[in-house]
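Some notes on the structure that comes next.
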């Protein structure tokens, strides 16, 4: 299973296993990761699952048009590595991803 480490602004971390084909948002909700709300259920229409990727976004491909637009309306400032965790679905067994949860969401 892929692993995801959610890093908080204070430096603390929450690492969880994620089933392949499960979004990082769903994994966060199932494991009570602070700061990930997912109000829209993964439809990329609320921005409450905004994260900053610690690695290249090429692994997931570029944001869709809907995701790109929603990233303009998140609580935390948009950065080059901003993504909605509901749109990030790991496909590689054994992958280890690191994402940062914006302080404004925690």
Note to self: Only bridges whose two residues both fall in the chain count here: according to DSSP, what percent of them are antiparallel, nearest 5?
What the structure shows: 65 percent
Next item on the list: State log₁₀ I(q)/I(0) for the chain at q = 0.09, 0.10, 0.16 Å⁻¹ as given by the Debye formula over alpha-carbon point scatterers of equal weight, solvent excluded.
Entry: -0.18, -0.22, -0.59
Notebook entry, point to check: So what is the relative contact order for the chain, in percent, with contacts set as C-alpha pairs under 8 Å and at least six apart?
Noted result: 41 percent
Next item on the list: Could you work out which residue, out of 41, 94, 65, moves most in a Gaussian network model of the chain, that is, has the largest mean-square fluctuation with Cα springs under 10 Å?
Entry: 65
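Every read-out reported here was derived from the displayed coordinates using simple, explicitly stated rules and does not represent laboratory data. On a predicted model such as this, the values are computed, not experimentally measured, just so you know.
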